[in-house]
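Working notes, beginning with the structure itself.
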Amino acid sequence: MKNFRKICMAFAIISFLSISGLSAQKYYQPNWESMKSYQIPDWFRDAKFGIFIHWGVYSVPSFGSEWYPRNMYDQGTDEFKHHVEKFGPQKKFGYKDFITDFKAEKFDATKWVELFKKAGAKYIVPVAEHHDGFAMYKTSMTKWNAAEMGPKRDIIGELSVAVKKAGLVFGLSSHRIEHWWFFNEGRKFDSDVNDLAFSDFYGPAHEENETMSPEFMNDWLLRNTELVNKYEPQLFWFDWWIEQPALDPYRKSFAAYYYNKGLEWNKGVVINYKNNISYPEDVAVLDMERGKLDSIRKLAWQTDDAIGNESWGYTTTNTFKSAQYVITNLIDIVSKNGNLLLNIGPRPDGTITDQETEVLTKTGEWLSINGEAIYGTRPWVIFGEGPTKSASGSFADQTIPFTAQDVRFTKKGNIVYATLLGAPKSATSIKALAKRAKNGQIAKIELIGSSEKVNWIQKDDELVIKPLIKYPSTFAISYRIQFKP
């Protein structure tokens, strides 16, 4: 009866498409042909930089990664061994038992958002539910949520209010679909995953190759539509496993529902997806995990990357990227029509690590000077030039650091920005702005953030910009270039 009620609720939700006050001509129907008219909103294309937040019960053991809840049941892993040694056998102390220590006693949504805004971020995307099945919001779908257990606070609700109050765009992510199999290793030995008293938390715990049940997929749809209705996110991020063929009608139903809600709110909304088999490329926005493209993409896209190198969530042994890495890769991504969604992993008490705070602060300082060359820009005729090869594809870090000889271009109206991925100590040569390249006759060049005169000469085979004694930043510098009519 419970599953039947959920299915009925799902049909009721989808019926919104026929009873909404929107005119029939504006409806998105749950099919790809109808949704091809979707347009990526300007707010997303202009924003360029957002903050991702992986925070949940998995921050309590603070070992390995945010996949600790799965790996602690996977015999032979470091997490399994660590868990038994520190907490005891999984039958007596399972993942659920970490919830009481997830207190979030120092969590302050307003202070978080102040830091994010200072960092120059324009949109904020907390994880509403990770693979572990613990909802970080008040929900009618499960008792296993942060409003009833652990912090006993609606974390997503508090962040939603703080983000919107600060004038930023609120989004969220759901990793619920991976819960179908996430705890299946716990089925293979005597653990609390097999205790029927906790089946509503650990279940279904099936194998990845098993087709999801209609009940589970309806539950997925209901949780997502509940998040849309409660928090009105303008971005909804999905992880890779939504590409399963069985989920196809549910993906379509959710997208149509969400896009129609965006019309109702009169706000542009975005769905992020990982692989082209999840959504057609003109129906949603492609996201690349810990990677990027090596050329300009016609459609806007996004990189999700973490300041932490080993884990998206908090661990005591995580190492961190430098501000230099984050800033230069942000510039590189933006030059190719992309956005950067940069992740942090707070501690279980709700504080943010010093390392992540430092990177965010330095990134914000750079953007406060050079943001003109980033925000609201569009790609130029080429993304850039220089000796350093760009990483390409998902899970592809920029292992070769960029230098001041690497140039990235953006444009805004008739102005072109040339950003060097370092502070040059010698003359800069830009081939794409040579007279022979026929990309325009230069009238004026200014260094953003500096009143010092820029000495330059546009030759047939190169533009040469002489070095200055002092630059406004050592991470990267941006030239504002104007052309003659």
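For the subset of the stretch 35-61 comprising residues that are in contact with a helix residue (DSSP H, G or I) (Cβ under 8 Å, 6 or more places away or on another chain) and of a type in the set (Ser, Thr, Tyr), which member is farthest from SER278 (Cα to Cα)?
Step by step, filter the stretch 35-61, then rank; the result is TYR58.
So, in the stretch 110-135, how many residues would count as being in contact with a Gly (Cβ under 6 Å, 6 or more places away or on another chain) and either of a type in the set (A, V, I, L, M) or assigned to a loop (DSSP other than H, G, I, E, B) (or both)?
6
Being over 30 Å from SER368 (Cα atoms), part of a helix (DSSP H, G or I) and open to solvent by 40 Å² or more (accessible area, probe 1.4 Å) is the filter here; which residues of the stretch 45-79 pass it?
ASP78
Assess whether ALA146 counts as being touching a helix residue (DSSP H, G or I) at 6+ places or on another chain (Cβ under 7 Å) and either surrounded by 15 or more Cβ atoms within 10 Å (Cβ to Cβ) or at pLDDT below 95 (or both).
yes
State whether one or more residues within the stretch 361-381 are part of a loop (DSSP other than H, G, I, E, B), open to solvent by 10 Å² or more (accessible area, probe 1.4 Å) and without any contact (Cβ under 8 Å) to a residue 24 or more places away in the chain.
no
Restricting attention to the stretch 163-206, and to residues there that are hydroxyl-bearing (Ser, Thr, Tyr) and over 22 Å from PHE52 (Cα atoms), which single residue is surrounded by the fewest Cβ atoms within 10 Å (Cβ to Cβ)?
Among those residues, the one meeting the criterion is SER199.
Going by the structure shown, is PHE116 of a type outside the set (Val, Ile, Thr) and over 23 Å from the mean Cα position of the chain (by Cα)?
In short, no.
Any chance you could count how many residues in the stretch 327-360 are closer than 15 Å to LYS48 by Cα and part of a loop (DSSP other than H, G, I, E, B)?
Looking only at that region, the number is 2.
Tell me, which residue of the stretch 301-331 that is more than 23 Å from THR351 (Cα to Cα) and among the β-branched types (Val, Ile, Thr) is surrounded by the fewest Cβ atoms within 10 Å (Cβ to Cβ)?
Among those residues, the one meeting the criterion is THR303.
Would you kindly identify the strands (runs of 3 or more DSSP E) lying entirely within the stretch 442-485 that contain at least 1 residues that are open to solvent by 80 Å² or more (accessible area, probe 1.4 Å) and within 18 Å of SER429 (Cα to Cα)?
Fully inside the stretch 442-485 and qualifying: 442-447, 456-458.
Tell me yes or no: at least one residue of the stretch 249-269 is closer than 30 Å to ILE382 by Cα and of a type outside the set (S, T, N, Q).
Checked against the condition, which is being closer than 30 Å to ILE382 by Cα and of a type outside the set (S, T, N, Q), the stretch 249-269 yields at least one hit.
Checking the condition open to solvent by less than 50 Å² (accessible area, probe 1.4 Å) and either outside any loop (DSSP other than H, G, I, E, B) or among the β-branched types (Val, Ile, Thr) (or both), which residue from ARG408, ARG436 passes?
Only one candidate passes the filter, namely ARG408.
A quick yes/no check of all residues on (1) open to solvent by less than 10 Å² (accessible area, probe 1.4 Å); (2) among the aliphatic types (A, V, I, L, M); (3) part of a strand (DSSP E or B); (4) within 25 Å of LEU360 (Cα to Cα):
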| site | (1), (2), (3), (4) |
| --- | --- |
| GLU264 | no, no, no, no |
| LYS267 | no, no, no, no |
| ASN272 | yes, no, yes, yes |
| ASN275 | no, no, no, no |
| ASP282 | no, no, no, no |
| ILE296 | no, yes, no, no |
| LEU299 | no, yes, no, no |
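Test GLY64 against the criterion of being over 24 Å from MET141 (Cβ atoms), at pLDDT 95 or above, among the small types (Gly, Ala, Ser) and touching a helix residue (DSSP H, G or I) at 6+ places or on another chain (Cβ under 9 Å), and give yes or no.
Yes.
Can you go through PHE182, PHE198, PHE170, PHE107 and tell me which one is in a helix (DSSP H, G or I), in contact with a helix residue (DSSP H, G or I) (Cβ under 9 Å, 6 or more places away or on another chain), among the aromatic types (Phe, Trp, Tyr) and modelled with pLDDT of 95 or more?
So the residue among PHE182, PHE198, PHE170, PHE107 that is in a helix (DSSP H, G or I), in contact with a helix residue (DSSP H, G or I) (Cβ under 9 Å, 6 or more places away or on another chain), among the aromatic types (Phe, Trp, Tyr) and modelled with pLDDT of 95 or more is PHE198.
Out of the residues in the stretch 118-140 that are within 17 Å of ILE99 (Cβ to Cβ) and of a type in the set (D, E, K, R), state the one that is surrounded by the fewest Cβ atoms within 10 Å (Cβ to Cβ).
LYS138
Of the residues in the stretch 90-104, how many are touching a Phe, Trp or Tyr at 6+ places or on another chain (Cβ under 7 Å) and either modelled with pLDDT under 95 or not hydrophobic (A, V, I, L, M, F, W, C) (or both)?
Looking only at that region, the number is 2.
Of all the residues that make up the stretch 411-428, how many are touching a Phe, Trp or Tyr at 6+ places or on another chain (Cβ under 9 Å), open to solvent by less than 70 Å² (accessible area, probe 1.4 Å) and in contact (Cβ under 8 Å) with a residue 40 or more places away in the chain?
10
The values are calculated or read from the model by the stated rules, or taken from the named source; none is laboratory data. All of these numbers come straight from a predicted model, not from anything done at the bench. When we count neighbours, we look across all protein chains shown, and the Cβ atoms used for this are built from the backbone with ideal geometry, even at glycine. For the accessible areas, the whole protein counts, side chains as well, though only heavy atoms, and no ligand, DNA or RNA atoms are used. Shrake-Rupley method; radii C 1.70, N 1.55, O 1.52, S 1.80 Å.
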